[in-house]
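Below is one structure, written out as structure tokens, with a few remarks after it.
Nothing in this text is a laboratory measurement; each read-out follows from the coordinates by a stated rule. Here the structure is a predicted model, which is why all the values come from computation and not from measurement. Quick reminder, even Gly has a Cβ in these numbers, built from the backbone with ideal geometry, and neighbours come from all protein chains shown.
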Amino acid sequence: VFQGRILARRVVGQETRYEVEVKARYRQRFPLVSREYLWVPSTCGCPELSVAGEYLLMARRHVNHEHTLNRILLQDGGYARPWTPREARLVREAARHC
């Protein structure tokens, strides 16, 4: 779970790749660097993310069986909401209890 600002968007085959500036990390099971690529399959019911918009994102690390693909994936059950101070507060409070 992290706050990110969308820097660029590019459609690659059946997926959309967003370049994201990681602004804050709320809960992470894998390390994040200051800039990441976030992949969204075209089948995801997720809202389209706007370039220059800031979002609260819940994504997962996806590594294939051959370990040749290692990326951050926003899947159908993921979470993508416009970032607001209220959303950030709620996530920080939830992270303390989880």
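At a Förster distance of 25 Å, what's the computed FRET efficiency of VAL11 paired with ALA88, Cβ-Cβ distance as r, to 0.05?
The value I calculate is 0.30.
Computed from backbone phi, the HN-Hα couplings of the range 77-88 come to x, x, 9, 9, 10, x, 6, 9, x, 5, 4, 4 Hz, rounded to whole numbers (Karplus: 6.51 cos²θ - 1.76 cosθ + 1.60, θ = phi - 60°; Gly and Pro given as x). Between ARG71 and ARG35, the simple label model (points 7 Å from Cα in the Cβ direction) yields a spacing of 1.7 nm. When trypsin sites (Lys or Arg not before Pro) are flagged only if DSSP places them in a loop and at most 16 other Cβ atoms lie within 10 Å, the longest unflagged stretch of the chain comes out as 30-98. If Lys and Arg each add +1 and Asp and Glu each add -1, what is the summed charge of the other residues whose beta carbon sits under 15 Å from the beta carbon of VAL40? That sum, taken over residues with Cβ under 15 Å, equals +2. With a cut-off of 13 Å between beta carbons, the residues surrounding GLY78 carry a summed charge of +2, where Lys and Arg count +1 and Asp and Glu -1. For TYR26, the amide hydrogen comes within under 5 Å of the amide hydrogens of PHE2, GLN3, counting only partners 5 or more places away or on other chains and with H modelled in the peptide plane.
In the range 2-96, what is the volume of the convex hull around the alpha carbon atoms, normalised per residue and reported in Å³?
About 104 Å³ per residue, rounded to a whole number.
Report, in debye and to the nearest 20, how large the dipole of the chain comes out about its Cα centre when Lys and Arg carry +1 and Asp and Glu carry -1 on their Cβ.
Details: 17 positive and 10 negative charges, 82 e Å.
Around 400 debye, computed over the chain.
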